[in-house]
Structure formats: C-alpha cells, structure tokens
Amino acid sequence: MQKRKSTIIGLIAVLAALLAGCTGTPAPSGWPASLLVDKTIYTASGAHVYGVNAETGVEIWRFPLKPEGTKIFGAAPYLVDGQLIAGSYDHKLHSLNPDSGREIWVNSDATERWIGSPIAVDGLILAPNADHNLYAINANGVVQWKFTAKNGLWNQPVTDGKSVFVSSMDKNLYALNPKSGKVLWSVDLGGSVLFSQAIADDGILYIATFNNEILAISPDSGKILWKVPTDGTVWEPVVVKDGTLYAGDQSGKVFALSTKDGSKVWDLSVNASVIGGVVLTEKGLFFGTGHINSGDAGEAMLVSTSGQKVWSQPVGGKLYSRPVVNGNLVIFGVFEGDKTLAALDDNGKIVWSFNPSN
C-alpha cells in the first residue's frame with residue numbers, strides 16, 4: 001500500500017511538472033490534446049490552439065497569433081453551437097470562431113488552470129477547473145452557477161441527458177442537476193480521478209482511479225456495481241462496446257474486461273506505458289505509448305479486439321493523449337518530439353505530420 005501511495009504521489013508530481021507553465025522564450029512545448037470535427041482537427045498544444053486540415057496536416061489558423069507570456073493550452077477544445085471552447089493555464093476560458101480562430105469572448109472567473117475539457121448540456125457550457133469548481137457558462141460567456149468540490153476537477157464531465165457526472169481529485173464522483181448544479185448524490189471512489197470516466201450505451205458509468213481500480217457505477221444512485229484492480233493506473237476514459245470494456249494502463253498492458261462483472265477477457269503486454277487511452281474502430285484498438293518518467297520515445301500501435309498486436313510504429317516522441325480517427329487515418333498528438341501531430345493510415349504508415357512554424 002505504501003509503494004502504491006508513493007507511485008501515485010510521484011505520478012501527480014510528474015504531471016504537475018508537465019502542466020506547469022514556464023517563463024522565457026520560446027514558449028514550452030505542450031501535451032497536445034485534440035478534437036476532430038468533420039475534416040478539421042482542433043489541437044491545444046503549448047502556446048496555441050490550432051485548426052488543422054485533418055486530411056493534409058496543413059494549418060488553417062492558430063490562436064493567439066503570437067505567444068502571450070506564459071499562456072499554455074492543454075485541454076482538448078470543445079465545439080458547441082458554432083463556438084470552439086478552449087481553456088488555458090492562465091485561468092482564462094476562450095470562445096473561438098472554429099473557422100477562423102477569432103476570439104468571440106473570454107471568461108476570467110476561474111482562479112486556476114483549465115486542464116479538463118468542457119461539455120454542453122441544455123444550452124450551458126459545463127467547464128471543470130483545477131480551482132475545485134465546475135462552472136456553468138451560457139453562450140455569452142457568463143457564469144450561471146458553479147459547483148464546488150473538495151479538490152481539483154481535472155476531467156471532462158459526462159452526461160446521460162438527465163444528470164451530469166463529474167469526478168474529482170477529492171476521490172468522489174458527483175451527480176449534479178445540470179440546470180442548477182445541485183448535488184443529486186455522491187460516492188467515494190477510493191482514489192482520485194484524473195481523466196478517466198466514461199458513460200456507456202448501457203447507461204453505466206465506468207471510472208478508473210489512481211487507486212489502480214476500475215469501477216462500474218449506477219447513474220441513478222451512485223451504487224458501485226463492481227470494481228476490479230488493474231496492474232497500473234488507467235489515465236484516460238475506458239471504451240465500452242457490446243459488453244466489453246477496453247483500456248490501457250501505465251504498467252504497459254492493454255486489456256479487455258466483461259462489463260457484466262469486470263472479469264478479465266484478455267490482456268496484452270506492450271512493454272511501454274499507455275497513458276493516452278485507446279480508440280476502438282473496425283480495425284481494432286489504436287493507442288500510443290510513452291514512458292512518463294523516461295527519455296524513451298513512444299510508438300503508435302494497433303491491437304485487435306481479441307488481444308493480438310497487429311503493428312507498432314515509432315513517431316519520434318511520446319504519445320500521451322488519446323488519438324482521433326479521420327476515415328482511414330489515425331491522428332496522434334506528439335509530446336517531446338519533432339512534430340505536434342502525426343497521422344498514420346491503418347497499416348501504420350505515417351501519411352503526414354504537423355510541425356507548426358514559428
């Protein structure tokens with residue numbers, strides 16, 4: 001137990017260092033996080049948010065045009081009603097025109113970094129901040145209500161259309177009324193939650209914690225239906241399809257569980273930490289690797305849904321964010337490499353890369 005506690009503390013310290021803004025010029029490289037809409041990929045990376053053509057890798061626009069002090073973007077942008085919402089580490093939440101990158105409004109109510117992405121429910125933008133607050137903001141950038149947890153909110157909320165679910169570094173999962181922010185119920189998960197929560201088609205919440213567990217939770221009551229240990233920390237939300245849950249963990253395993261009771265279906269060692277989460281397609285599971293405390297570069301990988309490795313491809317950096325899929329292209333954000341984005345076809349061949357010019 002002491003070893004696990006020390007590992008968790010070390011993980012948080014490493015991530016905090018990665019998230020910290022730096023002084024001086026040039027602006028520090030970011031941990032790219034992306035959103036794909038139609039044929040445009042919106043990427044938050046370092047000092048900018050970029051709009052990039054997802055078929056060619058050509059930059060369409062960037063915001064801001066030039067680095068602004070220590071402004072850093074790390075959370076994947078979110079598109080709602082013609083506004084691209086992007087939060088920065090200087091406490092500002094920006095609304096941008098998705099076609100041009102022009103700023104529509106900026107909200108400065110938060111007092112800490114925007115690390116998690118927002119969602120939209122019933123006309124409100126629900127944005128989690130490291131200052132412990134979930135802010136409900138209208139289309140004009142004005143706060144309508146806020147919910148305060150006991151510790152930072154680092155992950156994107158999810159909704160079943162009736163309630164909003166947000167988990168915290170305070171180890172709790174909260175169900176909220178999306179119109180008022182009133183707490184409907186809360187449950188102690190036994191460990192902090194970084195980025196790992198998902199709501200599946202069956203309505204069940206599946207959450208991974210820094211206690212190295214995955215839990216299945218009833219959305220109506222918060223009852224824990226089952227929980228199972230994992231060999232390493234699962235950072236990103238799991239993927240659920242047809243009664244099977246898929247995930248990767250920091251120990252270097254990709255695995256599948258039964259959603260019925262959490263029992264193991266298969267697991268596969270890939271010999272490198274899986275931080276960025278998996279994406280499920282007809283071809284299988286796409287994901288990236290990268291040791292969080294090592295100088296070793298990562299690889300893009302494809303694994304079949306039966307647990308067989310299909311291919312792996314070095315991309316010249318660490319892959320800490322979940323990839324996005326555009327047709328037959330899988331696009332990875334690259335950290336500590338010579339590019340920001342790398343697009344691979346489903347055979348593992350690099351088709352294009354995006355390295356922003358100064």
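Please treat every number below as a calculation from the coordinates, not as lab data. Source: prediction; values computed, not measured. Quick reminder, even Gly has a Cβ in these numbers, built from the backbone with ideal geometry, and neighbours come from all protein chains shown.
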- Among the residues of the range 308-321 satisfying the criterion of being surrounded by fewer than 24 Cβ atoms within 10 Å (Cβ to Cβ) and not hydrophobic (A, V, I, L, M, F, W, C), which is nearest to L35 (Cα to Cα)? G317
- Of all residues making up the range 247-276, the number that are out of contact with any His (no Cβ under 8 Å at 6 or more places or on another chain), free of Cβ contacts under 8 Å to residues at least 60 places away in the same chain and assigned to a loop (DSSP other than H, G, I, E, B): 13
- Task: Go through the range 137-159 and count every residue that is more than 20 Å from the chain's Cα centre (by Cα) and in contact (Cβ under 8 Å) with a residue 40 or more places away in the chain.
- Result: 3
- Task: May I ask you to list the residues in the range 184-200 that are farther than 15 Å from A75 by Cβ and aliphatic (A, V, I, L, M)?
- Result: L184, V187, L189, V193, A198, I199, A200
- Note on the structure: Taking first residues from the range 98-116 that are in contact (Cβ under 8 Å) with a residue 12 or more places away in the chain and second residues anywhere that are of a type in the set (V, I, T) and part of a loop (DSSP other than H, G, I, E, B), the pairs with Cβ under 8 Å that are 6 or more apart or on different chains are N107/V142
- Message: Can you go through S163, S196 and tell me which one is of a type outside the set (K, R) and closer than 15 Å to L215 by Cβ?
- Response: S196
- Item | Filter result (among the polar types (S, T, N, Q) and either surrounded by 24 or more Cβ atoms within 10 Å (Cβ to Cβ) or in contact (Cβ under 8 Å) with a residue 40 or more places away in the chain (or both)) within the range 31-55 | S34, T40, T43, S45
- Restricting the range 177-193 to residues that are part of a loop (DSSP other than H, G, I, E, B) and within 21 Å of W226 (Cβ to Cβ), the one nearest to the chain's Cα centre (by Cα) turns out to be V193
- Condition check for G152: within 23 Å of W235 (Cα to Cα), out of contact with any Ser or Thr (no Cβ under 8 Å at 6 or more places or on another chain) and assigned to a loop (DSSP other than H, G, I, E, B): no
- Considering the range 194-221 alone, what residues qualify as being in contact with a strand residue (DSSP E or B) (Cβ under 8 Å, 6 or more places away or on another chain), among the hydrophobic types (A, V, I, L, M, F, W, C) and in a loop (DSSP other than H, G, I, E, B)? A200, I204
- Taking the range 161-176 and the residues there that are part of a loop (DSSP other than H, G, I, E, B) and not basic (K, R), the one that is surrounded by the most Cβ atoms within 10 Å (Cβ to Cβ) would be S168
- Any idea which of D249, D201, D220, D231 is surrounded by fewer than 17 Cβ atoms within 10 Å (Cβ to Cβ), under 23 Å from V324 (Cβ atoms) and of a type outside the set (A, V, I, L, M, F, W, C)? D201
